1. With +1 on the Cβ of every Lys and Arg and -1 on the Cβ of every Asp and Glu, and nothing else charged, how large is the dipole of the chain about its Cα centre, in debye rounded to the nearest 20?
2. Give, as a single signed number, the net charge of other residues whose beta carbon lies under 13 Å from the beta carbon of Ala83, with Lys and Arg counted +1 and Asp and Glu -1.
3. Summarise the accessible area of the chain (1.4 Å probe, protein heavy atoms) by the percent that is carbon and sulfur.
4. Can you run the Rg to Rh ratio on the stretch 1-88? Use alpha carbon positions and the Kirkwood inverse-distance Rh.
5. For the stretch 34-83, with only Lys/Arg (+1) and Asp/Glu (-1) charged at the beta-carbon, what is the dipole magnitude about the Cα centre, in debye rounded to 20?
6. What residue among Val81, Ser33, Asn19 has its Cα farthest toward the positive end of the dipole of the chain, where the charges are +1 on Lys, Arg and -1 on Asp, Glu, each on the Cβ?
7. Between Ser158, Phe65, Pro102, whose Cα lies farthest towards the positive end of the dipole of the chain when Lys and Arg beta carbons carry +1 and Asp and Glu beta carbons carry -1, centred on the Cα centre?
8. So what is the orientation-averaged projected area of the chain, using the convex hull of its C-alpha atoms, in nm²?
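The values are calculated or read from the model by the stated rules, or taken from the named source; none is laboratory data. Worth saying up front: this structure is predicted, and the values here are computed from it rather than measured. Backbone-built Cβ (ideal geometry, glycine too); neighbour counts: all protein chains shown. Heavy atoms of the whole protein, side chains included, go into the accessibility calculation; ligands, DNA and RNA do not. Shrake-Rupley method; radii C 1.70, N 1.55, O 1.52, S 1.80 Å.
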Amino acid sequence: MATSCFDSWIVDGLYRKENNEDTLVSLVLGDVSSPLGLLKKKRLQGTIRSRRAKLKETYNWFADFERGPVRHRLLELHKKVFALVMDLDDVDDQLEGFPQQPLVILTQLSTHIQYMLESLLRDANLKDEDIKAMAASLEGMEYNFEEVSGELRAALASTYKNRFTVIKGKKKD
């Protein structure tokens with residue numbers, strides 16, 4: 001997960017006045033139960049707490065009032081895009097059979113989300129009109145994701161189905 005995305009999740013927690021440490025841990029590591037996984041979880045929790053403390057020093061909730069809802073929607077869309085990308089990674093060797101335009105759009109969505117999150121996080125001079133334009137753009141991005149995710153999920157289901165073969169046994173007389 002890119003640093004700006006990671007920081008955006010932490011700032012989102014600050015904006016929403018909630019500790020979203022568990023959400024971040026599960027996004028990065030998934031479900032953790034092995035001893036090595038638990039060690040990674042503890043390290044990641046320490047990193048999150050440290051980064052949260054650093055970001056909290058300069059965070060201003062009132063100044064984040066316009067950005068917060070847009071950032072939260074972006075992060076929710078990012079989570080969906082990332083989940084689909086991870087599912088597609090399972091069949092990476094078979095992607096040539098997938099519809100290519102939805103794959104391109106998915107890549108563009110991911111890149112655009114990263115860019116917008118970075119802008120919301122780092123650009124202190126972002127004007128209200130820019131944030132409103134981002135919100136309008138985000139609406140289109142959410143719509144596009146719903147369109148392409150349906151096509152890609154259908155292709156995934158077909159790929160998973162084709163992985164299995166039925167083996168027929170000999171008929172006994």
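1. Numbers: 26 positive and 27 negative charges, 203 e Å.
Dipole about the Cα centre, nearest 20: 980 debye.
2. Computed value for this residue: -1.
3. Using a 1.4 Å probe with all protein chains present, the chain comes out at 53 percent carbon and sulfur.
4. Rg/Rh for the stretch 1-88 comes to 0.99.
5. Here the size comes out at about 360 debye.
6. Sorting the options by dipole projection puts first Ser33.
7. With unit charges placed on the Cβ atoms, the residue in question is Ser158.
8. Directional mean of the projected Cα hull area for the chain stands at 14.3 nm².
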